[in-house]
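Chemist: Have a look at the structure that comes next, please.
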Amino acid sequence: MSIVISTDDNVNFQSFGGLKASISARLDRDFDDSDLDDFIYLAEREMERVLTVPYRETYATIGVSGATEALPTGFKRMRRLTLLTDPKRQLEQVSPAVLDSNWPCNTTGVPQAYAIVGDSIHFAPAPDGDYTASIIYEAKITALTETSPSNWLLERHPDAYFYGALVQAADFIEDPSKIGRYRAMFDAVIEQINEEGNRYRYSASPLRIRSSVVV
């Protein structure tokens, strides 16, 4: 069953104001603007937890000169951390307990592993100089607001926002039949988005060794 809305024909869904107008129109009810903001925000929080797609991944470089460095703003989950030495060194992510047990706090050298603790990256051994690392990480979904009326998710999948917000709106007006209907639509769209993301991430064909050609 395909229920994805064509963004070419429904550009109204791709703006914050248009999304709110569409929610009210679908339920044929006038909501306070603050309530509409809440519906969208709650849908957004759920999508933050369940969407695992490559569009969320971003790249950054960070300085590594101390045992602890701050994570980028909006960090959600680490995908890869590479120390830009010669040759490059991909560091292993371990638990804080493993980090502490394998490298005493006074140990210094070229970092070999790291752990995520709160909003920081902890390296071990502690760097013996100034290094640079590249990181690929999953970023948080930028919340929709009047001053930030769009993001990659609304641009690519406005139906996810639409059905997710309708679930919250139907709960607000206490209509169980609509809650079930829109929940099924929302769950189907989320599943489709995640499946599409997996196809995108793993679409490359395996490398093949080609036989040499003698001229």
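Bear in mind that the values in this text are calculations on the coordinates, not laboratory data. Please read these numbers as outputs of a predicted model, since none were measured by experiment. Heads up, the Cβs are rebuilt from the backbone with ideal geometry, glycines too, and the neighbour counts pull from every protein chain shown.
Chemist: Ordered by residue, what ³J(HN,Hα) values in Hz, to whole numbers, does the range 67-72 give under the Karplus form 6.51 cos²θ - 1.76 cosθ + 1.60, where θ = phi - 60° and Gly and Pro are x?
Modeler: Whole-Hz 3J(HN,Hα) from phi for the range 67-72: 5, 10, 10, 6, 7, x.
Chemist: Moving on to the next point. What does the charge count around Asp28 come to, taking other residues whose C-beta lies under 13 Å from its C-beta (Lys +1, Arg +1, Asp -1, Glu -1)?
Modeler: Surrounding charge for Asp28 is +1.
Chemist: I'd like the orientation of helix 16-27 relative to the chain: the angle between its Cα long axis and the longest Cα principal axis, in ° from 0 to 90, rounded to 10.
Modeler: That works out to roughly 40 degrees.
Chemist: Compute the Cα gyration tensor for the range 70-186, then decide on rounded, prolate or oblate, letting a ≥ b ≥ c be the square roots of its eigenvalues: rounded whenever a/c is under 1.5, prolate when a/b is larger than b/c in the other cases, and oblate in all that remain.
Modeler: prolate
Chemist: Angle between the Cα long axis of helix 176-201 and the longest principal axis of the chain, 0 to 90 degrees, nearest 10?
Modeler: Helix 176-201 sits roughly 30 degrees off the main axis of the chain.
Chemist: Here's another thing I want to ask about it. Going by how many other Cβ atoms sit within 10 Å of their own, how do Tyr202, Tyr55 line up, fewest first?
Modeler: Ascending number of Cβ neighbours within 10 Å: Tyr202, Tyr55.
Chemist: Helix 158-172 against the longest principal axis of the chain: what's the angle in degrees, Cα atoms only, rounded to the nearest 10?
Modeler: Helix 158-172 and the main axis of the chain meet at about 60 degrees.
Chemist: Would you tally the net charge around Tyr114, using a Cβ to Cβ cut-off of less than 10 Å, leaving Tyr114 out, and scoring K and R as +1, D and E as -1?
Modeler: Taking every other residue near Tyr114 into account, the sum is -2.
Chemist: Let me ask another. The list [x] -0.72, -0.90, -1.16; [y] -0.64, -0.82, -1.10; [z] -0.78, -0.90, -1.08 gives values of log10 I(q)/I(0) by the Debye sum over Cα atoms at q = 0.12, 0.14, 0.17 Å⁻¹, and only one came from this structure; which label was calculated from it?
Modeler: Checking each listed value against the structure points to [z].
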